[in-house]
Every structure is written in C-alpha cells, then in structure tokens.
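K.L.:
Got a structure for you, written out below as structure tokens; questions coming shortly.
The values are calculated or read from the model by the stated rules, or taken from the named source; none is laboratory data. Note that this is a predicted model, so its numbers are computed, not measured. Note that each Cβ is placed from the backbone with ideal geometry, even for glycine, and that neighbours are counted across all protein chains shown. For the accessible areas, the whole protein counts, side chains as well, though only heavy atoms, and no ligand, DNA or RNA atoms are used. Shrake-Rupley method; radii C 1.70, N 1.55, O 1.52, S 1.80 Å.
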Amino acid sequence: MGRSMDEIARDILRSNDRGGYTIPTAGLYPYQWNWDSAFAAWGFSTFNPDRAWTELERLFEAQWDTGMVPHIVFWKPDPGYFPGPEVWRTATHPPTSGISQPPVAAILARLILRADDAAGRERIAALYPKLLASHRWWHRHRCSAGPAAITHPWESGRDNCPDWDPGMANVDGSRVGPYTRRDTGHVDASMRPTKADYDRYLAIVQFGRGCGWDQDEIVRNGPFLMADPAMTFILIRAHRDLAAIGRDLGQDVSEIDGWIGALTEGLAEIWNADLGVHDARDLRTGAFANTLGSGAFLAWLSGDVPPEVEARLVAVWDRTRYGIPSADPGASNFEPRRYWRGPMWPVVNALIALGLADAGRSDLAERLRAETAESIRAGGFNEYFDPMDGTPCGGANFTWTAAIWLTWAGRDAAEVA
Ligand code: DGY
C-alpha cells in the first residue's frame, strides 16, 4: 500500500529538517527562511510540538540587536543559492540577509500554543520578548507612513508580483555588474522572475550593503519603498495575536494596542477607490499599483470585509479553478506559471482561510480549502500551482505546502475548526 498524503507531508518536513531548522526545499532554497520556517513550525506542531517550538527558537536565534528577524539565515555555506552571505555582507553571526519577511511567527505561535498549551507554556514565555522586539522593529522601521511598507520585493515574500511594478520601474538595475543566478538551474526559468527583475533586486541589496544595512537610511533614500496591503493585514493580525499571548502571560500590551490602532488608521492611505480594494502604493511617488491579487485577499486577516469589497475579491477568485491567484487572471499582465505573477500559492490560501474562518465566512474558507487540497492531491507538494489548470510549479517537496496540508488543506470539512 502507498503512503498516505499525511505521511508524505510529514516525511517532507523531516527530510527538509537540517537540525532544528527546516529549509523550504532542497536545492532551490538551502537555508532557513523566515516565514517558511514559521509555517514549518505550524506543520511540526501536528505531530511533534517540541520540534515546532525549536523551529521558532532557531529563527529567533538569528534576530538582530535591533529586533529585526532577517528573511534568510545562512547557517551553513551552500554554493547552490544566489545571492548568498557574500553578497549581503551583514556582519552578523550567523550571517543573514539584511531585510525581513512577513511576521507570521506570532500568528502561528498562537495556533501552535492552542493545539498543545502544556507543551508550549514555557517556550512561549521565553519567545514573547523576542516576538515583541520584532514587532516593535516593524512599527519603528516600516510603518512610519501609516500602512506597513517594504524596502525590497523580497521583504514582502511575494517577490515579483505586479504590485511592485511601479516601485521597480524606478530602480536602476543597469549597474549591478555580472552575476550568475542559481534559481534557474533548479527550476524552469519561465516559472521564475526575469533577469530585469534580478538586476533590480540586486541593485536594492547593493544599496543596503553600501549603507551598512542602516534601516533609517534605506527607508529614507533606498531605491524602493512601497506600502503593502498584505503586510499591513498580516501585521495587524500578528499584533492582535501577540497582544493575546501577552495578556495570557500577564503582560501590559498597551504598546501593541497602539500599533494596531495606528496600522488600522494607516489602511486609509492604501485604499484605492477606483479599484475598490486596498492596493500597493509606491511611497516615493504616491502611485498605486492598480492590481488585485492575493495580497488584497488577506484583508480578512485584519477583520471583517465589507460586502462590496468581498464581491470584488470573489469576482477575481471566480476566474480560477484552483484557489486564489497571486495576480488577476483578467489583467493583461497575468502569467499563470511565473512565480507571483499569477500562480496560486497554497500557503497564502491557508493564511487567507485563517482570516475567513475568524470573520465567520466558513463557506468561503471551505471552498478555498477544497480547491487547495485538490491541487495538492493531484499535483504533489509543490511550491505553487497554475490556478487555471492546476499544473504544479516551482520547487517540489516544499516544506510550507506540506505544513499547510497537515494543519489545514488536508483536513476535511468535519475536521477543520
Ligand atoms: C528567492 O531567492 O527567490 C527568494 O524568494 C528570496 O527570498
């Protein structure tokens, strides 16, 4: 008899384990990535709560003195990845990248705790001050415009989505010098960002490196600064979860409540009235991206979504067969298999579903779960999928796809809380 999907998913987590931290997938991503790791922890919590907490602890071992949790931790050298530590040159131990990634750790830590409170009591008490410092870093260094901003498309986790096109258009990638990409040696180039994207990604890294990763200077004068609805929704939800954890631990959480209020007000800055949803906005020029992809769907994480916004979002979802697309299939720049320019990402669906369930939209949450499960069952535990025909894309045996299978997609309606 073949192995069950759950067994395969657990094996993927185990085989991507590098001793206390989990890589997203062998070859393509050989280090510890920030939000991937938090999802890995959630996956581990279904069969090994101790290992789940270790995953988060390892991630926070790489936290900077400033509170920033970097987006990549380069625990061991690996020539299979570019750009590695010799490009970022952060002067930290362990070496890391110089930007962050969506702060989902508090959201997932709270779920892990709920699943086994006894196993997590001491671990969360030790982690809480570190989570608090990282949220304070987000407030101080990324939220001064009102909504949450990103200083590099990689910081959003949704690297090449059309949301960043206006900001990227103003980045000069012509002087980055020669380099060799490694990602296209692991995955079909047509599923990855273009060379023009990579030139600009590197130009932004070179600016950060040039100022010694001074985050004030990067925000003030860096080549790229865009407000991100997805990051804002995630951060509001993460602050709420952190405040709930803090209250349980008997802490004063008024500082966190203040951040929630400020971010919620900041949403007005990224309301695109023409589009009828919150939209990415270039903070250098004020231009909206005018795109409607999965970032806008994360609105449910921050609370209820008005019926007219829901109708706008669901109309985009209705254009696909398999889950929520990273970009609108009705737009002329839609590319169903190119990374974040159209594909459906199971992990983003899982996050959106958390919001839907809390907002009482269990009907939509179940539709999303079923469509996600169907694509994974038919295609495997891939990084992302073509949302129109379900073709599995990107890296295979992917940690976060396995993790969200175990916690959400693979649980049928009766089992989903
Ligand atoms: C990559 O290398 O593609 C990563 O997404 C950067 O974080």
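K.L.:
For the chain, modelled as a Gaussian network with Cα springs under 10 Å, which listed residue fluctuates most, 156, 134, 254?
P.N.:
Answer for the Gaussian network model of the chain: 254.
K.L.:
Just subtract the alpha-carbon distance of residue 252 and residue 118 from 0.36 nm times their residue separation and send over the number in nm, one decimal.
P.N.:
Details: separation 134, 0.36 × 134 = 48.24 nm, distance 2.27 nm.
Taking residue 252 through residue 118 to full extension adds about 46.0 nm, to one decimal.
K.L.:
Right, next: Mind putting a number on the dipole of region 1-55 about its Cα centre? Charges go on the C-beta only, +1 for Lys and Arg and -1 for Asp and Glu, and I need it in Debye to the nearest 20. Write out the running numbers ahead of the final one.
P.N.:
On the way: 5 positive and 7 negative charges, 17 e Å.
Its charge dipole is roughly 80 debye.
K.L.:
Still on this model: How large is the translational diffusion coefficient of the chain in µm² per second when you combine the Kirkwood radius over alpha carbon pairs with Stokes-Einstein at 20 °C and 1.002 mPa s? Walk me through the numbers before you get to the answer.
P.N.:
Working: Rh = 21.2 Å.
The calculation lands on 101 µm²/s.
K.L.:
Let me ask something else. Probe of 1.4 angstrom, ligands and nucleic acids ignored: what's the accessible area per residue over region 290-391, in square angstrom? Don't skip to the end; give the middle numbers.
P.N.:
Numbers: 3360 Å² over 102 residues.
Each residue of region 290-391 exposes 33 Å² on average to a 1.4 Å probe.
K.L.:
Could I ask something else about it? Top mean-square fluctuation among 355, 250, 27, Gaussian network model of the chain, C-alpha springs under 10 Å?
P.N.:
Highest fluctuation among the options: 250.
K.L.:
State in Å² the accessible area per residue of region 81-200; use a 1.4 Å probe, count heavy atoms of protein chains only, and round to the nearest integer. Kindly include the intermediate steps, with their values, before the conclusion.
P.N.:
Details: 4720 Å² over 120 residues.
With all protein chains present, region 81-200 gives 39 Å² per residue.
K.L.:
For residue 274 and residue 290, compute 0.36 nm times the residue count separating them, minus their Cα-Cα distance, and round to one decimal in nm.
P.N.:
Details: separation 16, 0.36 × 16 = 5.76 nm, distance 0.84 nm.
Result for the pair: 4.9 nm of gain on full extension.
K.L.:
Where nothing but the Cβ of Lys and Arg (+1) and of Asp and Glu (-1) is charged, how large is the charge dipole of the chain around its Cα centre, in debye to the nearest 20? Before the final figure, lay out each step's value.
P.N.:
On the way: 41 positive and 54 negative charges, 159 e Å.
For the chain, the charge dipole is close to 760 debye.
K.L.:
Considering only protein heavy atoms, with the full assembly of protein chains and a 1.4 angstrom probe, order 375, 302, 15 by accessible area, largest first.
P.N.:
Working: 375 0, 302 25, 15 75 Å².
Result of the area sort, largest leading: 15, 302, 375.
K.L.:
Please give the contour-minus-distance gain from residue 196 to residue 366: 0.36 nm per residue of separation, less the Cα-Cα distance, rounded to one decimal in nm. Write down the numbers at each step before the final one.
P.N.:
Values: separation 170, 0.36 × 170 = 61.20 nm, distance 3.87 nm.
Length gained, residue 196 through residue 366: 57.3 nm.
K.L.:
Further question on the same structure: With a 1.4 Å probe and every protein chain kept in, tell me what percent of the accessible surface of the chain is carbon plus sulfur.
P.N.:
Working: 7500 of 15300 Å².
Roughly 49 percent, rounded to a whole number.
K.L.:
Can I ask one more? Who wins for biggest fluctuation among 353, 289, 299 in a Gaussian network model of the chain, springs between alpha carbons below 10 Å?
P.N.:
289
K.L.:
Sticking with this structure for a sec: Less than 10 Å Cβ to Cβ from residue 231, Lys/Arg counted +1 and Asp/Glu -1: what total charge do the surrounding residues give? Don't jump to the answer; show the numbers that get you there.
P.N.:
Numbers: positive: 142, 158; negative: 155, 228.
Net charge around residue 231: 0.
K.L.:
Right, another one. Under a point-charge model restricted to the Cβ atoms of Lys and Arg (+1) and Asp and Glu (-1), what is the dipole moment magnitude of region 335-417 relative to its Cα centre, in debye to the nearest 20? Could you put the intermediate results ahead of the total?
P.N.:
Values: 8 positive and 11 negative charges, 36 e Å.
That gives a dipole near 180 debye.
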